[in-house]
Amino acid sequence: IHDPPILILDEPTAGVDIELRHMLWDYLKLLNKEGKTILLTTHYIEEAEKLCDKIAIINNGEIIEIGETKTIIKEVSLNTIEMELENTNNLNLSNEFDYSIQDKILKVQSKEVNKDIIKIIAQLEKSTKINNINIINSSLEDAFLKLTN
């Protein structure tokens, strides 16, 4: 069997069970780590995010975005900071943040979670107690949906 420098795969995990899918992912990662270039087409966004260092997003037959996967996610999507608050009366949160409040849950959209969370906590400590914090990182699927509308 020959050893081609480029491996082209079209929907390699379509129709396979979860266990086999993960085995294939591990094998493809190993091949890539050993220097093999892999061109992968897939409709499974999770698969592309896990396997691909660089991606091209195609919409209606045209490439609408191309670049490093992590960079596209960071530039296109927003992360969400969720905070469960003791109360939401008289919150002291500046309008520099895009946020919403529902049932004592504050949701803040952020590109820079690590920087923004410090500012948000400092502002909220003046008016309420924070019971819980959850950070929801954006994904390639979020970026894809935003880019393709």
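Other residues with beta-carbon under 15 Å from the beta-carbon of H22 carry, at +1 per Lys or Arg and -1 per Asp or Glu, a net charge of -3.
In the neighborhood of S94, defined by Cβ-to-Cβ distances under 12 Å, what is the net charge if each Lys or Arg adds +1 and each Asp or Glu adds -1?
-1
For region 13-63, the gyration tensor built on C-alpha atoms gives an oblate shape. Its axis ratio a/c (a ≥ b ≥ c) is at least 1.5, and a/b is not larger than b/c. For the chain, adding -39500 (n - 2.57) for each run of n ≥ 4 DSSP H residues and dividing by the number of residues yields -10500 deg cm²/dmol at 222 nm. Among the helices of the chain (complete DSSP H runs), which have Cα atoms covering no less than 18 Å along the helix axis and a Kyte-Doolittle mean of at least -0.5? Taking the DSSP H segments of the chain (at least 18 Å long, mean hydropathy at least -0.5), we get 18-33.
Ligands, DNA and RNA are left out, and with a 1.4 angstrom probe the accessible area of the chain is 70 Å² per residue. Counting 0.36 nm for each residue step from T37 to K104 and taking away their Cα separation leaves a gain of 19.2 nm.
Note on region 69-149: the C-alpha convex hull projects to 5.6 nm² when averaged across all orientations.
How much length is gained if the chain between K119 and A56 is pulled fully straight, taking 0.36 nm per residue apart and subtracting their Cα-Cα distance, in nm to one decimal? Before the final figure, lay out each step's value.
Values: separation 63, 0.36 × 63 = 22.68 nm, distance 3.50 nm.
Length gained, K119 through A56: 19.2 nm.
Rounded to the nearest percent, how much of the accessible area of the chain (1.4 Å probe, protein heavy atoms only) is carbon and sulfur? On the chain, the fraction of accessible area on carbon and sulfur atoms equals 49 percent. A P(r) calculated from all alpha carbon pairs of region 1-88, with 10 Å bins opening at zero, reads 13, 39, 28, 11, 6, 2, 0 percent. Of the cross-linked pairs K70/K111; K70/K146; K50/K74; K70/K115; K29/K146, those separated by over 20 Å at the C-alpha level are K29/K146. Where the alpha-carbon atoms of the chain are placed on the principal axes, they occupy 69, 33, 27 Å, in descending order. Other residues within the sphere of radius under 12 Å centred on the Cβ of L51, judged by their own Cβ, net out at 0 (K and R +1, D and E -1). Comparing I120, I58, I18 in a Gaussian network model of the chain, where Cα atoms under 10 Å apart are tied by springs, the biggest mean-square fluctuation is seen for I18. 3J(HN,Hα) along region 87-93: 8, 10, 6, 6, 4, 10, 10 Hz, from the Karplus curve 6.51 cos²θ - 1.76 cosθ + 1.60 with θ = phi - 60°, whole Hz, x for Gly and Pro.
The values are calculated or read from the model by the stated rules, or taken from the named source; none is laboratory data. Predicted model only: the values in this text are computed from it and were never measured. Heads up, the Cβs are rebuilt from the backbone with ideal geometry, glycines too, and the neighbour counts pull from every protein chain shown. We work out accessible area using only protein heavy atoms, side chains counted, and drop any ligands, DNA or RNA first. Shrake-Rupley method; radii C 1.70, N 1.55, O 1.52, S 1.80 Å.
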